[in-house]
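Here's the structure we're looking at; comments come further down.
No value in this document is a laboratory result; all are computed from the given coordinates. Bear in mind that the values here come from a model prediction, so they are computed numbers and not experimental data. All Cβ positions, glycine included, derive from the backbone under ideal geometry; neighbour counts span all protein chains shown.
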Amino acid sequence: MTSTASQTDPAPAQTTAWAWIIGTFFYIGRLKPGPGTWASVATVLLWSLLAPLAESPRLTTAIIASAVVTLLGIPAATRVARESNRKDPGFVVIDEVAGQLIALIGSPLSWKTLLASLILFRAFDILKPPPLRRLERIPEGAGIMLDDVGAGLYALAVLQLLRHFGVLP
């Protein structure tokens, strides 16, 4: 299922529009270099702008947003992977959006916490400590999404520990 074509190849002629829009997070996944980092930065910026407008408590909103993005991301990532003939296309970044949202759960909207969340999530996503690398082996969209969900959970745990011990607000 892996292709030798470059990650910058255009989408195949026959594509599912909704899946490509969601999977690439409104085509942020096409930005270079580091599309995953661009998606994480966009997520933090959107969260910092939209979270204060939430009707429900921010904690509930973050949990619901993370779950919705993950549940939409699995079929979108599956479809884009199939249509691009790649196991885990680098331009699919909805997984980074889901993981970054998870890392933001329960965090105040201070610049230090938002930045720490971004750095921690990206570090765990790139390094993939155990068992995250194994989650990539799960087939299709679930595997694409779940290693980033795990990285988000790791970042969330470390961020909350840093807040608990007074390192962050």
With percent of Cα pairs over 29 Å apart in mind, check [x] 29; [y] 33; [z] 17 and report the label derived from this structure. [z]
Restricting attention to the range 131-169, which trypsin sites (Lys or Arg not before Pro) occupy a DSSP loop and are surrounded by at most 13 other Cβ atoms within 10 Å? 137
Whole-Hz ³J(HN,Hα) from phi, Karplus 6.51 cos²θ - 1.76 cosθ + 1.60, for the range 69-85, glycine and proline x: 4, 5, 5, 6, x, 4, x, 5, 5, 4, 5, 5, 4, 5, 5, 8, 6
Residues listed by number, the range 145-164, amide nitrogen under 12 Å from residue 138 label point at 7 Å toward C-beta: 145-151
Applied in sequence order to the range 26-41, the curve 6.51 cos²θ - 1.76 cosθ + 1.60 (Karplus, θ = phi - 60°) yields integer Hz couplings, x standing for Gly and Pro, of 6, 6, 4, x, 8, 6, 10, x, x, x, x, 5, 4, 5, 5, 4
